[in-house]
Every structure is written in structure tokens, then in C-alpha cells.
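Written below as C-alpha cells is the structure these notes are about.
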Amino acid sequence: MKKFLLLLLLLLMVNGQWSIVKAQYTSLTVKETSGTWTSYGLEKLKITFSADQMTLTNSQETVVFPLSELSSLQFTDLPTAIERMSHPYTVVSLQGAKVRLSVPVGTMARVYDSFGKLCATARIGQEGVPVYIGSLLPGIYIVRAGTERHKILVK
């Protein structure tokens, strides 16, 4: 009977370790005492602790957390870590009768109405130059700059 129980115990221990080996963790999730969950990629992950803080460094960033604000750390296999984009992206902001685009210099910006009719055009001479939309009638418009498209609502 002892041999059977020892064998069973050994199998349970090996089975538990096998599940750890099989898991393919993709991120470290940090839960703060405020309830906020943040995930970080595991590539080149390094975690260091000092007297009152934890420093988390991976291939993309370094973040410092006060230990008093940490609730838990979990390795997860869920793809919750958001990686930085490798290509530039468009940022669109409305400023009154102008649309400000954060796109590379020389990009052609076009504004289309909901029927696909071209309403305004501007070549971006310097980053962040606004496109004037004050002459447009109220409605939904599509701003296209390079390969990016954004909807705007003119009231």
C-alpha cells in the first residue's frame, strides 16, 4: 500500500511540473492596489527589487513600481501585453475648423464625404500642419493620410 501511495504521489508531482513545462507564457501581468492591471512582454525581462520599489525592464521599456502599490504579479499565456508598433502611425486631433495630422512630411491628406466625394486636399509640409475643414457641411467625413483612414464628425 505504501508503494502505491508513493507512486501516486510521485505521479501527481510530475504531472504538476509537466503542466508548468507545457505553458507558454507570453506576458507578465502586474496588478496594482488601485485595481489596475498592466501587462508587459517577456522578451529580455528583468525584475529587480530594492528597499521600496520594483523595477521591471524588458526589451521595450523600463517601469518602476513602488512596492506599496503592488498587489500581485502573474505570468500569463494570454496575449495581453501590447507591443509597440514598428511603423509610424497617424494621430488625428480636431482643433475647431482644422484637423491636425501627425504624419510624415510630404504625405498627401485627403478628406472625403460619406459618398466618397473628395472634399479637401493638403500636402503635409511639416509634421502637424492642420487641414482646414471649416468650409465643410455638417456630416461624417473620412480623412485619409497615407495608408491611414480616420472618421471625423463635422457639426
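Every read-out reported here was derived from the displayed coordinates using simple, explicitly stated rules and does not represent laboratory data. Please read these numbers as outputs of a predicted model, since none were measured by experiment. Using ideal geometry, Cβ is built from the backbone for each residue, glycine included, and neighbour counts are taken over all protein chains shown.
Amide hydrogen proximity for C119: with H placed 1.01 Å from N in the peptide plane, the residues at 5 or more positions away or on another chain lying under 5 Å are V111, Y112, D113. For the peptides 52-64, 97-109, the ranking by mean Cβ contacts within 10 Å, running from highest to lowest, is 97-109, 52-64. Assign one of three labels to the range 24-84, namely rounded, prolate or oblate, based on the Cα gyration tensor with a ≥ b ≥ c the square roots of its eigenvalues; rounded applies when a/c is under 1.5, prolate when it is not and a/b is larger than b/c, and oblate otherwise. Note, shape of the range 24-84 comes out oblate. Taking amide hydrogens as placed 1.01 Å from N in the peptide plane, the amide H of T107 sits under 5 Å from those of I124, each at least 5 positions away in sequence or on another chain.
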